[in-house]
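This report refers to the structure that appears directly beneath it.
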Amino acid sequence: FRPKVICESVACPAHTLMSRYVSTETGFGVPKDGWRICLAHEFKEKRKPFQARDVSLSNMIEHVSLGVRYLRWWYRKTQVEKKAPFIDMFRALPLRQIYGAPLGGIGGGSITRGWRGDFCRWQLNPGMYHYKTVIANQFTVCLRRGGQTVYQQVLSMDRPPTLQGWNWGYCGEYAFYHALYPRAWTVYHLPGQNVTLTCRQVSPVIPHDYKDSSLPVAVFVWDIENKNDYALDVSIMFTMVNGSGHKDDKSGGHWNEPFHLEKDGESVSGVLLHHQTPVNPYTLCIAAREKVIQTGFTVTRHQMAFSPKGTCSALWSDLMTDGRLDSPKDSSPPTQKGEEVAAALAVSCSVPANNHNSVEFSLAWDMPKITFGSRERIYVRYTRYYGTKGDAAPSLSHYALTHYSKWEESIDEWQRPILQDGSLPAWYKSALFNELYFVVDGGTVWVELPEDADISGGLRPEDGGLPAQPDVVKEYGRFAYLEGQEYRMYNTYDVHFYASFALIMLWPKLALSVQYDIAGSVVQHDPTERLNLMNGRYSPVKTRGVVPHDIGDPDDEPWVRANAYMIHDTADWKDLNLKFVLQVYRDYYLTQDEQYLKDMWPICQTVMEVELKFDKDGDGLIENSGYADQTYDGWKVTGPSAYCGGLWLASVCMMCKMARVLKCESVYQRYRDILERGRAAFDKLLWNGKYYNYDSSGQSLSNSVMSDQCAGQWFLRASGLGEDDYQAFPKEKICSALKSVFDLNVMSFAGGQMGAVNGMRPEGVPDHSSVQSDEVWVGVVYGLAATMIHEGMIEEGMHTAEGCYRAVWERMGMAFQTPEAYCEKGIYRSLAYMRPLSIWAIQLALNNRPNHNKTTDKDMGQGIRTGLCK
């Protein structure tokens, strides 16, 4: 076996992103690795969201009843209830190729600053996104020499119709953006001034840290390089509107307030922007640190309130006069209805000739209590450390400005071993860290467990259930993230199955907390009858003994009312229960948390008993019918299938292992017998000599090559299993299947440069039988790549994953909004999706290589040169 040579053109787009950069300046302290783009870059490829007209005629005819039912439901939801649908098929997000690394820690809301410097994506209300560029939110530079202002410029390429008293239109060819999450750098060379500014944004997203990582705050460090033979006085002004560009910015009652906080010998000053909405009021805070340094004293001045409408020339002139702003001491009056108010903060410093200086800003937001659509109020995680009164913004700002250097030390310590690993390609280092944006910007909430909460579902440990408040949940809180910014369901479990690698490797306590929540919901029953849009029948919202599809919609009652998803009857899904079992043992394997395993064991037995009912032939293998697995719910399956059948065998294998760990010999023997029978049936029904057929129906498309057919083996390998007594699949068949997938789904699709298509026919053309079969799913591709690496196919795995990264980040312009899916041409579906966090499964697989710390570039190609599946 010898795959095709990788086309060198795959790497070209990375250079194309910087092709319009005309300066030679590289910035101050900007790392080599990451995603880099010139501010003047324009993406040539313009894709459109998947819509009804993109459905084939045959699929449209087959699902016409579903379309009618969805239309009726959508109308009632939007026009009668005045709520946003959890999936809106009529108002898909248009592609805006502008987003950058989000600001803030985990679970307290997020604000995204685009790669051109715009504040353009807002998630302050939990799980509810607002996409609006607030043009007045800017940084401005003022250079002064000999008491005279010689240069003043808004650091934005925009030329807006408002604020025309400001100097807009910075030339983007002199600047570039560089992201290595959770940090990002923007380098501005000031034409004709011999001055370079580097803005470094830092957010407290730190693995294994459960305090600072929860803080809703970010820091902007401005490094100023003066390459002139004379000194300069430099001011940086930060302007911010009280609000997010939402209509409630003009609802009235908002006001600004100056503050100064001195603590532990450190002084911080700034402006509090109190946003007084009836639901989820919050305070924004812009602040700066005053410090004595060798080259001069930084001076902070604020302009507490100005209107972001009109020319706003007075503020511009105020800064130009002396590089400072007038600083009123009193609060601004509350705004009238229809008015907006903004604030400005300027920091000045001296920069000697041929020298460097820096100034620091912070942006914080304080929304201690969040209210979901049900009006239930919950305290956000950071209130454990900063209180629930809504007065924490000054303290948050002070802490951020005085501790961000420690955050960066921790970030460097975490990232350094990977960044310094010469065997890893540059694209992978960028993808691995930058895809983590979704942990913060996935509509994420991280909340405290109320004192009276009971997550057990009512079944106590003595009856095979859970404690009311497990220690890990009580100590580390509850965590939830959306399936995607367009698919508004929390902790969608079939997708979390893939994404969970990022959590279990970096914030394992949060991963375990999610598992406890899911486990508690298994024993719950919600008999409320609800229409299933796919088949038109009514069924209970939640069936006892079944893992829920999700834990709820942020516009309703998350954690209270599960299964916001209502396309299918969620009692029918077979893969959700299996994915629960697989994650339980994987999490135990990676954390060695014995109490967790003991707590989960009875729940695992419960869900497996439910699954065993689908072994209708008694051959140890469960059967499917209709749309019977949740992940590929648009792709019909009949009888045992490669995907669900593989997950089933892996789950049985893990039940054997858990039984042995917990010394439950009778359970071990039972599942051992099922495993023996199931393995034989799986091979007999699905193996065709090269790979596992999609399903066992014998129909015309049952022999399609499914890219995810080895998902069960993936989880076994990730959990230290897959061999000897805990082998579910013959090694040679896994290797053959993976090679078939690489040959067909990867290299025979789009020139081998776009990852793996979900379904491919044996003759080398995509399977077009469903909406999903001819899509590429980025998160599935990363999982497939990890599986290949586990089996020794390192170069094939890395090439497979590289195709997705190059397509999404370098050609399609989807940085920091990686979609669920895209087709070969023209179409994408569901921007900013959870599943691509599965890239951390690749890192786990790389970590598990024998002697991986000694791996060289030569080793990286060994598997492909020998053609061996090691």
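Quick notes
- Checked against (1) open to solvent by less than 10 Å² (accessible area, probe 1.4 Å); (2) more than 24 Å from Tyr694 (Cβ to Cβ); (3) over 24 Å from the mean Cα position of the chain (by Cα), Met760 meets all criteria but (2).
- When every residue of the range 445-462 is checked against the conditions, at least one turns out to be surrounded by fewer than 21 Cβ atoms within 10 Å (Cβ to Cβ), touching a residue at least 60 places away in the same chain (Cβ under 8 Å) and at positive phi.
- Test result for Phe438, assigned to a helix (DSSP H, G or I), modelled with pLDDT of 95 or more and touching a Phe, Trp or Tyr at 6+ places or on another chain (Cβ under 6 Å): no
- Each residue in the range 12-32 was checked for being open to solvent by 30 Å² or more (accessible area, probe 1.4 Å), part of a helix (DSSP H, G or I) and in contact (Cβ under 8 Å) with a residue 60 or more places away in the chain, and 2 pass.
- Filter result for the condition that a residue is basic (Lys, Arg), in a loop (DSSP other than H, G, I, E, B) and in the same structural domain as Gln772 (by the TED database), over Lys684, Lys690, Lys657: Lys690
- Strands (runs of 3 or more DSSP E) fully within the range 269-378 that include at least 1 residues being charged (D, E, K, R) and closer than 27 Å to Lys250 by Cβ: 355-366, 369-371.
- Filter result for the condition that a residue is within 28 Å of Tyr129 (Cβ to Cβ), open to solvent by 10 Å² or more (accessible area, probe 1.4 Å) and touching a strand residue (DSSP E or B) at 6+ places or on another chain (Cβ under 6 Å), over Arg806, Arg829: Arg829
- Any hit, the range 706-713, residues being of a type in the set (Gly, Ala, Ser) and either open to solvent by 10 Å² or more (accessible area, probe 1.4 Å) or part of a helix (DSSP H, G or I) (or both): yes
Yes/no per residue for (1) out of contact with any helix residue (DSSP H, G or I) (no Cβ under 9 Å at 6 or more places or on another chain); (2) open to solvent by 10 Å² or more (accessible area, probe 1.4 Å):
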{"site": "Gly645", "(1), (2)": "no, no"}
{"site": "Ala650", "(1), (2)": "no, no"}
{"site": "Leu662", "(1), (2)": "no, yes"}
{"site": "Tyr671", "(1), (2)": "no, no"}
{"site": "Gly678", "(1), (2)": "no, no"}
{"site": "Phe682", "(1), (2)": "no, no"}
{"site": "Asn688", "(1), (2)": "yes, yes"}
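Let's see how each residue does on (1) open to solvent by 10 Å² or more (accessible area, probe 1.4 Å); (2) outside any strand (DSSP E or B):
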{"site": "Ala136", "(1), (2)": "no, yes"}
{"site": "Gln164", "(1), (2)": "yes, yes"}
{"site": "Gly169", "(1), (2)": "yes, yes"}
{"site": "Phe176", "(1), (2)": "no, no"}
{"site": "Gln193", "(1), (2)": "yes, yes"}
{"site": "Pro204", "(1), (2)": "no, yes"}
{"site": "Ser213", "(1), (2)": "no, yes"}
{"site": "Phe220", "(1), (2)": "no, no"}
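- Boolean, Tyr490 is crowded, with 23+ Cβ neighbours inside 10 Å, touching a strand residue (DSSP E or B) at 6+ places or on another chain (Cβ under 6 Å), assigned by the TED database to the domain that holds Gln595 and closer than 24 Å to Pro216 by Cβ: yes
- Test for Asp724: is it at positive phi, surrounded by fewer than 24 Cβ atoms within 10 Å (Cβ to Cβ) and either without any contact (Cβ under 8 Å) to a residue 60 or more places away in the chain or among the charged types (D, E, K, R) (or both): yes
- Asp708 falls short of the stated requirement of being at pLDDT below 95 and not hydroxyl-bearing (Ser, Thr, Tyr).
- Qualifying residue in the range 125-133 (condition: among the polar types (S, T, N, Q) and buried (at least 19 other Cβ atoms within 10 Å of the Cβ)): yes
- From the list Leu621, Leu597, Leu647, the one residue that fits, being in the same structural domain as Met706 (by the TED database), in contact with a Phe, Trp or Tyr (Cβ under 7 Å, 6 or more places away or on another chain) and at pLDDT 95 or above, is Leu597.
Here's the yes/no breakdown for (1) at pLDDT 95 or above; (2) under 30 Å from Leu17 (Cα atoms); (3) of a type in the set (S, T, N, Q); (4) open to solvent by 10 Å² or more (accessible area, probe 1.4 Å):
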position	(1), (2), (3), (4)
Glu795	yes, yes, no, yes
Gly813	yes, yes, no, no
Met834	yes, yes, no, no
Gln843	yes, yes, yes, yes
Leu846	yes, yes, no, no
Arg849	no, no, no, yes
Lys854	no, no, no, yes
Gly861	no, yes, no, no
Arg865	no, no, no, yes
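- Taking the range 33-125 as the region of interest, the strands (runs of 3 or more DSSP E) fully inside it that hold 1 or more residues being of a type in the set (Lys, Arg), under 20 Å from Leu831 (Cα atoms) and assigned by the TED database to the domain that holds Leu155 are 110-113, 119-123.
- Looking only at the range 399-439, and only at residues there that are of a type in the set (Ser, Thr, Tyr) and either out of contact with any helix residue (DSSP H, G or I) (no Cβ under 7 Å at 6 or more places or on another chain) or under 26 Å from Ser362 (Cα atoms) (or both), the one that is surrounded by the fewest Cβ atoms within 10 Å (Cβ to Cβ): Ser405
- Within the range 134-174, considering residues that are in contact with a Phe, Trp or Tyr (Cβ under 7 Å, 6 or more places away or on another chain) and of a type in the set (Val, Ile, Thr), the one nearest to Trp316 (Cα to Cα): Val154
- Residues being touching a helix residue (DSSP H, G or I) at 6+ places or on another chain (Cβ under 7 Å) and closer than 30 Å to Tyr174 by Cβ are represented in the range 106-115 by at least one member.
- Residue within the range 135-142 that is within 17 Å of the chain's Cα centre (by Cα), closer than 30 Å to Ala175 by Cα and touching a residue at least 12 places away in the same chain (Cβ under 8 Å) present: no
- Filter pass, Ser773 being assigned to a loop (DSSP other than H, G, I, E, B), open to solvent by less than 30 Å² (accessible area, probe 1.4 Å), at pLDDT below 95 and under 22 Å from Cys644 (Cβ atoms): yes
- In the range 193-213, the residues that are more than 16 Å from Leu401 (Cα to Cα) and either among the polar types (S, T, N, Q) or free of Cβ contacts under 8 Å to residues at least 24 places away in the same chain (or both): Gln193, Asn194, Thr196, Thr198
- The set of residues in the range 257-302 being modelled with pLDDT under 80 and either among the charged types (D, E, K, R) or open to solvent by 30 Å² or more (accessible area, probe 1.4 Å) (or both) consists of Lys291, Val292, Ile293, Gln294, Thr295, Phe297, Arg301.
The values are calculated or read from the model by the stated rules, or taken from the named source; none is laboratory data. Predicted model only: the values in this text are computed from it and were never measured. A quick note on method: Cβ atoms are made from the backbone with ideal geometry, for glycine too, and the neighbour counts reach across all protein chains shown. Accessible surface areas use protein heavy atoms only, side chains included; no ligands, DNA or RNA. Shrake-Rupley method; radii C 1.70, N 1.55, O 1.52, S 1.80 Å.
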